[in-house]
1. Any chance you could list P(r) for segment 132-285, counting all Cα-Cα pairs in 10 angstrom bins from zero, rounded to whole %?
2. Summing -39500 (n - 2.57) over the DSSP H runs of n ≥ 4 in the chain and dividing by its residue number, what mean residue ellipticity at 222 nm do you reach, to the nearest 500 deg cm²/dmol?
3. Can you tell me which lysines have their Cα less than 18 Å from the Cα of LYS294? Leave out same-chain residues fewer than eight positions away.
4. Relative to the longest principal axis of the chain, what angle (0 to 90°, nearest 10) does the C-alpha long axis of helix 131-145 take?
5. Tell me which residues come under 5 Å, amide H to amide H, from ARG179 once H is placed; ignore anything under 5 positions away on its chain.
6. Around PHE7, which amide H atoms from residues at least 5 apart in sequence, or from another chain, sit under 5 Å from its own amide H, with H modelled in the peptide plane?
7. If you keep only loop residues by DSSP, which GluC sites (Glu not before Pro) in segment 74-171 have at most 16 other Cβ atoms within 10 Å of their Cβ?
8. Which trypsin sites (Lys or Arg not before Pro) in segment 134-196 pass both tests, a DSSP loop state and at most 11 other beta-carbon atoms within 10 Å?
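Any read-out appearing in this document is the output of simple, stated calculations on the displayed coordinates, not a laboratory observation. Just so it is clear, the structure is predicted and the values come from calculations on it, not from any experiment. Virtual Cβ from ideal backbone geometry, glycine too; neighbours counted across all protein chains shown.
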Amino acid sequence: MDRHRHFLSIADWPTERLTEALDLAAALKADPGHLGRPLAGKTLAMVFAKSSTRTRVSFEVGAGQLGAQALFLSARDIQLGRGEPISDTARVLSRYVHGIMIRTFAQSDVEQLARYGSVPVINGLTDLLHPCQIMADVQTIQESFGRDLESVVVAWIGDGNNMANSWLNAAARLGFGLRLACPEGYDPEPALLAAARASTSVELFRDPAEAAEGARVVTTDVWASMGQEEEAAQRAVAFAGYHVDDALMSRAADDAIFLHCLPAHRGEEVAAEVIDGPASRVWDEAENRLHAQKAILAMLMGD
């Protein structure tokens, strides 16, 4: 399987290709018609095993702006939800569509779609990774601090989840510094942590204040993601000290910005005065899902 034909993980693309995608995303934001309609006559299948606001709307709108038809497929509405093997679904969909975006639980499902299908596959989210979100986040960082990211330090506060794992992949490829503050027992994927540490400055802290010290980007996520609702009470105890408020932001650089992939729980992982305050770039970040994903769609499905 040629992993460059897909977007399964940021780690699959070399730095030059990621930079090309980010530059194209910026151009598409400045001029939505920059590429015309390169996907005219093509169809994107969007497979959802997890509910979504930003992923669904941004992919559907983005595909339409590029000229493609976007086809929403809930797992409970297709045979995949009744036990059809991923490999069979991949082979069938490849006969109908020109690309597949999937938002699901297991990373192995995304990998199998790419392995057995014959069209590009885009990872819209798994429990392991969330690469499209991180591309939008990096675009947002570049809008604040410029294209060169070497002077940027990102502080991740909270769970070592799919976002933290994708921040590790992005730091390794794009060269910015990364500090992760995670409670004991909630660290990111060890192999991804080790790989990133071999490529760039990555530090793991238990104290969020240490991680935020001098950082130019402070970012977080909900304490209990989809599928972890039964752990919510336990996680609330574990993450009690991992609240991004004005006091934590004051430890960051004077020009620091705040990011959150959304949805957010004000009063839990982030204070309202931060997410709704002057340092917040959350709404730009959410918009940039559209532009970053249009760039990925054009690069994978365009002629």
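1. For segment 132-285, the binned pair fractions read 12, 46, 36, 6, 0 percent.
2. Details: 12 runs with 125 residues, N = 303.
Dividing the helical sum by the residues of the chain leaves -12500 deg cm²/dmol.
3. Filter leaves LYS29, LYS42.
4. 50
5. Counting only residues 5 or more places away or on other chains, the set is VAL154, ALA155, TRP156, GLU203.
6. VAL121, ILE122, ASN123
7. On the way: sites: GLU111, GLU143, GLU150; in loops: GLU150.
Listed in order of number, the matching sites are GLU150.
8. Numbers: sites: ARG147, ARG173, ARG179; in loops: ARG147.
Answer in residue order: ARG147.
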